[in-house]
1. Here are the criteria: (1) touching a Lys or Arg at 6+ places or on another chain (Cβ under 7 Å); (2) open to solvent by 10 Å² or more (accessible area, probe 1.4 Å); (3) under 27 Å from residue B:455 (Cβ atoms). Tell me which single one residue B:31 does not satisfy.
2. Out of the helices (runs of 4 or more DSSP H) lying entirely within region B:340-456, which hold 2 or more residues that are farther than 29 Å from residue B:15 by Cα?
3. If a residue counts only when it is touching a Cys at 6+ places or on another chain (Cβ under 9 Å), which strands (runs of 3 or more DSSP E) contained entirely in region B:212-289 have at least 1 such residues?
4. So, of the residues in region A:84-106 that are hydroxyl-bearing (Ser, Thr, Tyr) and touching a Phe, Trp or Tyr at 6+ places or on another chain (Cβ under 8 Å), which turns out to be farthest from residue B:41 (Cα to Cα)?
5. Where residues in region B:138-147 are open to solvent by 30 Å² or more (accessible area, probe 1.4 Å) and more than 7 Å from chain A (Cβ to nearest Cβ), which of them is nearest to residue B:206 (Cα to Cα)?
6. Those residues that are out of contact with any strand residue (DSSP E or B) (no Cβ under 9 Å at 6 or more places or on another chain) and either among the hydrophobic types (A, V, I, L, M, F, W, C) or on the phi > 0 side of the Ramachandran plot (or both), I need them from region B:66-102; list them, please.
7. Applying the selection to region A:56-84, what residues are more than 8 Å from chain B (Cβ to nearest Cβ), open to solvent by 30 Å² or more (accessible area, probe 1.4 Å) and either farther than 26 Å from residue A:325 by Cα or in a helix (DSSP H, G or I) (or both)?
8. Kindly indicate which of A:92, A:96 is within 14 Å of chain B (Cβ to nearest Cβ), in contact (Cβ under 8 Å) with a residue 12 or more places away in the chain, part of a strand (DSSP E or B) and over 29 Å from the mean Cα position of the chain (by Cα).
There are 2 protein chains.
Amino acid sequence: MANKDVTDPVRMEKIVSLCKRRGFIFQAGELYGGLNGCWDYGPLGAELKRNLKDYWWRKTVQERDDVLGMDGAILTMEQVLQSSGHIGGFSDPMVDCKTCKGRFRADNLDTYECKEKPSVCPGASPKCELTEPREFNLMLQTNFGATGEQVAYLRPETAQSIFCQYKNVLDSNRVKLPFGIAQIGKSFRNEINPRNYIFRSREFEQMEIEYFCRPEDGMRLTDEWLETRLCFYEEIGIPRAKLHILDVPDGDRAFYSKKTYDIEYEFPFGIQELEGVAYRTDYDLGVHAKGSGRPLEYFDEETKERFLPHVVEPSAGCDRTVLALICEAFDEEELGTDGKSDMRTVMRFMPSMAPIKVAIFPLLKKNEEQVRICREIQKSLQPWMNVFYDDSGAVGRRYRRQDEIGTPFCVTVDFETLGEEIPDLKGTVTLRHRDSMEQERLSIDELLPWLLARVR
Amino acid sequence: MANKDVTDPVRMEKIVSLCKRRGFIFQAGELYGGLNGCWDYGPLGAELKRNLKDYWWRKTVQERDDVLGMDGAILTMEQVLQSSGHIGGFSDPMVDCKTCKGRFRADNLDTYECKEKPSVCPGASPKCELTEPREFNLMLQTNFGATGEQVAYLRPETAQSIFCQYKNVLDSNRVKLPFGIAQIGKSFRNEINPRNYIFRSREFEQMEIEYFCRPEDGMRLTDEWLETRLCFYEEIGIPRAKLHILDVPDGDRAFYSKKTYDIEYEFPFGIQELEGVAYRTDYDLGVHAKGSGRPLEYFDEETKERFLPHVVEPSAGCDRTVLALICEAFDEEELGTDGKSDMRTVMRFMPSMAPIKVAIFPLLKKNEEQVRICREIQKSLQPWMNVFYDDSGAVGRRYRRQDEIGTPFCVTVDFETLGEEIPDLKGTVTLRHRDSMEQERLSIDELLPWLLARVR
């Protein structure tokens, strides 16, 4: 639930504006008026999102022995979603207002503003005339085949393809319980009221793990995964103090879940969910075994038991986490000293998440030797990280432009680099830190290892 | 066009079987009988595809100054596709056979087999009764909004979101012509006859570049991009001798294209297209400027000219390239010496593309010290690459299992590692090369730099 006490709409507006201006995020189809609830990532947003997804994959799949990756199709068979309960069950209760013609989620009426002035929540004014709640399916459907005879859905979550391929993964990889299958990919929901920027959108990307285990280990592993996931957020720069853990009470959880934690973050628009860690028991494999008529049991070589594994599901929203990274990084700093106001906007991304790792400047763009050395440095770093070359305007302004997009390090090739003033400094560059704005000199030869140790 | 002379269906069957058995590729929804034309990548396939996409992004975006990335939505507004010509124009001419009830692409009748026995192409038997060709739109449609009132399409290509955001990217990134915008992502087409495994599917991933330039540079840059792209395929392990360049003749090109090259590969099912490099003139920006009523001109600061940039588009199929990598890598080698037949199956991926870079074995799984050292090595390598630990069965069999999935290097910790036999060899491991099967000894300390120099 949004906690209205901590909201900061002015901060949010500044963030949205910066993201558009510097090319993090654009509205999809903006040229034609925009497609509501869909977003395009611009050059910097695409890099930020890549960094997040790559780090998640590295920590979840690459660095673990017990988790395998997969990459399933978005188009999903009707039978799959029939078994999973999404057809029929995956719906929100909606009410219509006969007066303003708006449609609202019945369980969230207090978060809307009705068009009536002075603005109130739907149902709060005597003019409002709300219908009874009706179930509204959230899935997007499509048709294909030669005559459009085949129905398919755009997956509402990546999880179902993991359950459907669990047996194939098991058989082809000789894995033993407990083990997980992880996936990153797009999912789609017909959100009636997409809002809060990229937080609640119709097209979104998920980072999901289905962790299969023995029934007796489910509760313990749910707690372990919660801790693992909290550490992940800290590692990417979201402090634990800004994360809230909601232990979803009985009655609010899905009927098959024995335990669910929501990991929430203090967004400028309220405290909202980033990830759910749910102990789903054997519900999913059970419904697919029944629906497909095929055995999905696991055979334990040691105990000679045959049983349906239970599942713990840490399911994170990728776009939500990108937004949390952006909100957490955004800072304005008053630098004015002698009475003049000087506000510095700086995105304090962790170096591992920053879209551009290092910017390279010649002090003077007309100095051919400085430019040549810059280009050499750039070429030597580019196979390893995103580098940005900039030679326009005063160096101070170039620093500020990089601060605004969160580049953690700037390297300036100057007259000292050429050895023209102090011979000892020949072959060194000025390295400037984004957060402290401190500068130090570093030899060009040290630059790659120095940066590599900090930007991964 | 498929060249039937070079097809090798037996080889293709072996490849498909290996991909299923070892977890590269599964049919989507297989548990429920399968979703025709859609595929799920299993653990190894997902890693292979990631390697390909990451390398493309690195070479195309990260290592170039003149190309920016983006990541746009799949859901696409009707107006966008109206302007682009996909609504109305994006269709295949189809014929129906009244006898067998099949539907076939009218321009490709000779590649089908009709159900009539003995099997012939549609129209080749006197029994066939074909209708006149009718246009069949290839786009998948969906609806959303509170009452399903909004129509959207699943994008048939990633290119359109690039054209629609070209102005936003230009304005937010201070770039000058020529520059490109690159994107990797899913696209969808209602292929009537998905076939050739993952080659022609309904859901597929593209790697596209739209390279904006001055009109007078278009033809030259098209040739330059062709060469750049050919080098890319060589770098990932597809030899130029297996690539065919089709200079698409007048009349066969799209009406707005002044030059189009198809880059084709010798698949076991024929010579088929991997990528198109097309000079699209100012067609795309022109139709979107007209359709949206918004100016999309570029203003050249130096010449003070205002004009619509021209576009060169290198558009590669990601799944097709994955399949080419698999087909190129697949090899069977007869190793039998003393009259016994011994066939080794080996996937000769380039180390940079291989799903797993190195496997680590203790010679004896019961030797605790060997296992401990293996786990230490594994932990030290895992932040940098995919590592696989295996301790089951004879080492020779473990090598073969890795050969079959293309792991370029295997490391065995043995008694020499422990210094039990020859003190000088303490702290060294056996490193075995996949292709030559040669072995050498390497110190554990050297392992990470040695591997890093080879697997990126």
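1. The one condition residue B:31 does not meet is (3).
2. B:368-381, B:444-455
3. Filter on region B:212-289 gives B:259-267.
4. A:91
5. B:143
6. B:85, B:100, B:101
7. A:59, A:66, A:78, A:82
8. Answer to the check: A:96.
The values are calculated or read from the model by the stated rules, or taken from the named source; none is laboratory data. What you see is a predicted model; the values in this text were computed from it and never measured. Note: ideal-geometry Cβ built from the backbone for every residue, glycine included; neighbour counts use all protein chains shown. For the accessible areas, the whole protein counts, side chains as well, though only heavy atoms, and no ligand, DNA or RNA atoms are used. Shrake-Rupley method; radii C 1.70, N 1.55, O 1.52, S 1.80 Å.
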